[in-house]
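Heads up, the thing below is written out as structure tokens.
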Amino acid sequence: MFSDLFIGIDIGSSSLKALAIDGATGQVAAIARQALPYQRLPGGGCELGAGAIGATLDQVLGTVAQQLGVRVAQVRALACTGHGAGLYALDANGWLVDGRAVASTDQRAQSRAEALAREQGAALFDEAGCAPWAAQPLLLAAELLGTDAFQRGAAHRILFAKDYVALLLCGEQATDASDASTAGLLSLATGDWSARVIAASGLADVGAHSFAPLTPRAQVIGQLLPARARACGLPAGLPVAMGAIDLLAAMEAVRAQQRGRAVAVLGTWCVNAVSAPAIEPRPAVSAIVNYGQPGQRLYMDNSPSSMANIAWATGALGLPDAQALLDLAMSAPLGAHGLRFLPFVNGGGPGAGYVGLRSQHTRADLARAVVDAVAALHARQLGRLAACGLDVSALTVLGGGASDTRLVRLLAGFLGRPVERCAHDESGARGAAMHAALSQGWTQDGAELGRMGPACDVVEPDPAQAGAEAAFLAGFNELIDRSTAAAAAARQGNP
């Protein structure tokens with residue numbers, strides 16, 4: 001007898017993925033993935049055309065439907081997850097403004113964010129859990145569309161990535177607290193849209209009405225449209241449920257909160273997070289997220305500085321893919337013969353670049369320095385969380401980088417302890433599939449939902465490298481501290 005199937009869709013910073021999970025076994029019944037054609041633009045821009053999103057969605061879901069064959073009739077519901085922040089601004093007809101979305105790695109509002117941070121950063125962190133940063137939706141809207149975009153009717157409403165995909169599926173506009181709070185748009189105290197944050201953006205005629213209604217996760221928001229169903233081969237009328245931002249979806253997939261585990265996501269962004277009861281006074285972390293769980297917060301230290309660096313180095317060194325970059329890097333020793341790399345190619349730090357480059361350094365050293373820095377930055381940020389009194393001792397590693405045991409072992413070595421990893425880059429989509437299952441009456445603590453989680457294993461650090469890894473991390477932290485201080489002094493015009 002066939003069992004129920006649930007589909008999770010994940011729109012990320014590089015690709016769109018969909019998978020169907022068998023509710024009885026937790027096995028993947030079908031999976032498809034396709035790269036998204038993000039366009040890099042002058043000034044740090046990163047955009048994605050609306051037509052590309054729709055076409056990729058149809059193709060990926062169509063592949064899932066083909067893989068399911070007759071089992072497509074057992075699909076019970078869908079839900080979406082996706083990267084946070086960026087800009088998905090709609091016009092009055094529900095179309096993306098100028099036919100484009102803006103990615104969360106876009107840097108064109110950096111100067112605007114820095115100016116606002118100098119003026120109101122502390123107050124905005126206290127209000128919404130994060131200081132201004134370049135890819136926040138309202139700052140991008142002000143920078144790219146104009147501060148009067150809503151006043152003159154050029155923009156009508158702002159969604160997030162997963163919500164735009166859901167709009168394509170069912171025609172309904174809705175969002176949830178995890179995306180809105182991660183973008184720094186919700187009051188930590190009330191859980192509602194923050195008038196103070198909205199006013200600080202400088203946009204005229206923007207208010208709570210400019211955002212989609214906040215909807216609880218796993219609540220059905222609409223049904224799969226007949227035209228979309230025909231395009232992808234799924235049954236029309238399937239329930240489409242509210243999902244969560246990719247971080248929270250992945251955490252829920254591995255049941256991090258229930259098991260008391262922190263997570264490190266080795267994705268485009270360097271994300272390190274732990275769920276804990278609300279703490280007062282608020283710790284000095286990168287972001288505090290009110291994700292809709294009463295009394296709980298996500299505490300995060302993060303920046304757009306993880307596998308994005310490896311993607312950059314892959315292209316810069318003329319390698320075919322990230323695996324080739326990692327293979328090349330691991331042919332050089334830890335520390336790359338004294339070469340260091342500042343892993344901030346997408347911003348979020350003092351700037352990217354090599355330090356200590358000499359003529360004797362090889363391509364392998366160039367690659368190794370990038371890999372060392374990516375793992376070390378995760379360890380640094382996890383250490384910052386721990387310094388705030390948050391328990392990150394039990395850690396699960398997620399994201400595309402988790403598929404390479406060597407990279408995860410390097411992180412474990414910097415931390416000085418074993419780490420759990422989910423080796424398959426599907427945790428976000430799995431979490432979305434779980435939200436689809438919850439929308440159909442499954443319970444959060446039920447055994448059925450637990451079966452839908454991905455398999456994990458444990459990666460041990462290399463004891464022979466313990467001393468060298470500790471020394472490297474100490475030196476890396478000192479380098480980041482010095483570089484950050486120098487960059488701040490330069491911005492203030494000090495020598």
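The values are calculated or read from the model by the stated rules, or taken from the named source; none is laboratory data. In this text, all values refer to a predicted model and were calculated from it rather than measured experimentally. A quick note on method: Cβ atoms are made from the backbone with ideal geometry, for glycine too, and the neighbour counts reach across all protein chains shown.
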Fill in the blank from the handout: Flagged in the range 138-189 as closer than 22 Å to Asp106 by Cα, among the charged types (D, E, K, R) and in contact with a Leu (Cβ under 7 Å, 6 or more places away or on another chain), in numbering order, are Arg157
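When you check Ala142 against the structure, is it part of a helix (DSSP H, G or I) and either in contact with a strand residue (DSSP E or B) (Cβ under 8 Å, 6 or more places away or on another chain) or among the β-branched types (Val, Ile, Thr) (or both), yes or no? Working first, answer last.
Details: part of a helix (DSSP H, G or I): yes; either in contact with a strand residue (DSSP E or B) (Cβ under 8 Å, 6 or more places away or on another chain) or among the β-branched types (Val, Ile, Thr) (or both): no.
No; evaluated as a whole, the condition is false for this residue.
Answer yes if at least one residue in the range 129-137 is of a type in the set (A, V, I, L, M, F, W, C), outside the structural domain of Gly348 (by TED's automatic domain parsing) and assigned to a helix (DSSP H, G or I), and no otherwise. If you could, list the steps in order and put the result at the bottom.
First, pick out the residues of the range 129-137 that are of a type in the set (A, V, I, L, M, F, W, C): 130-131, 133-135.
Still in the running and outside the structural domain of Gly348 (by TED's automatic domain parsing): 130-131, 133-135.
In the following step, the residues that additionally are assigned to a helix (DSSP H, G or I) were identified as none.
For the range 129-137, residues of a type in the set (A, V, I, L, M, F, W, C), outside the structural domain of Gly348 (by TED's automatic domain parsing) and assigned to a helix (DSSP H, G or I): absent.
Pick from Gly69, Gly51: which is over 13 Å from Pro137 (Cβ atoms), free of Cβ contacts under 8 Å to residues at least 12 places away in the same chain and either surrounded by fewer than 16 Cβ atoms within 10 Å (Cβ to Cβ) or not aromatic (Phe, Trp, Tyr) (or both)? Step through it out loud before you land on a result.
Numbers: Gly51 fails: free of Cβ contacts under 8 Å to residues at least 12 places away in the same chain.
From the options Gly69, Gly51, the qualifying one is Gly69.
Select, from Ala218, Ala212, Ala250, the only residue that is hydrophobic (A, V, I, L, M, F, W, C) and within 30 Å of Ala373 (Cβ to Cβ). Spell out the reasoning first.
Numbers: Ala218 fails: within 30 Å of Ala373 (Cβ to Cβ); Ala212 fails: within 30 Å of Ala373 (Cβ to Cβ).
Of the residues listed, the single one that is hydrophobic (A, V, I, L, M, F, W, C) and within 30 Å of Ala373 (Cβ to Cβ) is Ala250.
Where in the range 274-367 are the strands (runs of 3 or more DSSP E), entirely inside, with at least 1 residues that are closer than 24 Å to Ala250 by Cα?
Numbers: elements: 287-289, 296-303, 340-342, 353-355.
In the range 274-367, the matching strands (runs of 3 or more DSSP E) lie at 287-289, 296-303.
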Problem - Count of the range 64-122 residues which are under 24 Å from Gly8 (Cβ atoms) and more than 26 Å from the chain's Cα centre (by Cα) - result: 12
Problem - The one condition in (1) within 30 Å of Arg71 (Cα to Cα); (2) surrounded by 24 or more Cβ atoms within 10 Å (Cβ to Cβ) that Val274 fails to fulfil - result: (1)
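Out of curiosity, is Ala134 touching a residue at least 12 places away in the same chain (Cβ under 8 Å), touching a Gly at 6+ places or on another chain (Cβ under 7 Å), more than 17 Å from Val289 (Cα to Cα) and crowded, with 22+ Cβ neighbours inside 10 Å? It would help to see each step written out before you state the result.
On the way: touching a residue at least 12 places away in the same chain (Cβ under 8 Å): yes; touching a Gly at 6+ places or on another chain (Cβ under 7 Å): yes; more than 17 Å from Val289 (Cα to Cα): yes; crowded, with 22+ Cβ neighbours inside 10 Å: yes.
In short, yes.
Can you list the helices (runs of 4 or more DSSP H) lying wholly within the range 180-254 that have 1 or more residues being surrounded by fewer than 24 Cβ atoms within 10 Å (Cβ to Cβ) and among the β-branched types (Val, Ile, Thr)? Write out each step before concluding.
Numbers: elements: 195-200, 226-232, 246-253.
The helices (runs of 4 or more DSSP H) meeting that bar are 195-200.
Quick one: would you say Ala195 is over 19 Å from Arg297 (Cβ atoms) and free of Cβ contacts under 8 Å to residues at least 24 places away in the same chain?
On the way: over 19 Å from Arg297 (Cβ atoms): yes; free of Cβ contacts under 8 Å to residues at least 24 places away in the same chain: yes.
It is true that Ala195 is over 19 Å from Arg297 (Cβ atoms) and free of Cβ contacts under 8 Å to residues at least 24 places away in the same chain.
Condition (residue is of a type in the set (Phe, Trp, Tyr) and surrounded by 24 or more Cβ atoms within 10 Å (Cβ to Cβ)) applied to the range 86-97: is it met by at least one residue?
To start, the set of residues in the range 86-97 that are of a type in the set (Phe, Trp, Tyr) comprises 88, 95.
In the following step, the residues that additionally are surrounded by 24 or more Cβ atoms within 10 Å (Cβ to Cβ) were identified as 88.
Yes.
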Exercise for the section: Scan the range 357-369 and report the pairs whose first residue is crowded, with 18+ Cβ neighbours inside 10 Å and whose second residue is in a helix (DSSP H, G or I) and of a type outside the set (A, V, I, L, M), with Cβ atoms within less than 8 Å and a gap of 6+ or a chain change. Expected result: His361/His337; Asp365/His337
Handout entry: Check on Gly44, on the phi > 0 side of the Ramachandran plot and in contact with an Asp or Glu (Cβ under 7 Å, 6 or more places away or on another chain)
Key = yes
